[in-house]
Amino acid sequence: MEDEKRRFKATIDGKPYIFIGEGSYEHMQATADLLNDQLTKIKDQLPNTSKDDRAILTAFNAISNQLSMKEAAAKQAGSASDQEK
């Protein structure tokens with residue numbers, strides 16, 4: 001059975017959005033909170049950047065973190081298979 005998609009309202013960087021996804025309310029709220037925190041940190045560190053530039057920097061950081069986690073998981077999986085030999 002497919003997970004039910006939910007509508008979630010959030011304000012991101014002062015703008016209201018409606019997201020549709022399978023995550024719980026808690027997951028969606030935590031995601032919105034983390035995104036707002038990261039946007040605020042970039043704004044504080046680079047006050048002259050535009051909203052678009054802050055969004056790109058936040059997306060870049062998120063993808064970079066995702067790739068790092070994939071690499072770490074692959075390395076850990078490789079270590080686990082080496083130990084099984």
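Rule-based calculations on the coordinates, nothing more; no lab input. From a predicted model like this one, the values you see are computed outputs, not experimental measurements. Note: ideal-geometry Cβ built from the backbone for every residue, glycine included; neighbour counts use all protein chains shown.
Miscellaneous remarks
- Residue within the stretch 19-29 that is exposed (fewer than 12 other Cβ atoms within 10 Å of the Cβ), part of a helix (DSSP H, G or I) and not charged (D, E, K, R) present: yes
- Residue among Q45, Q29 that is over 30 Å from E4 (Cα atoms) and free of Cβ contacts under 8 Å to residues at least 60 places away in the same chain: Q45
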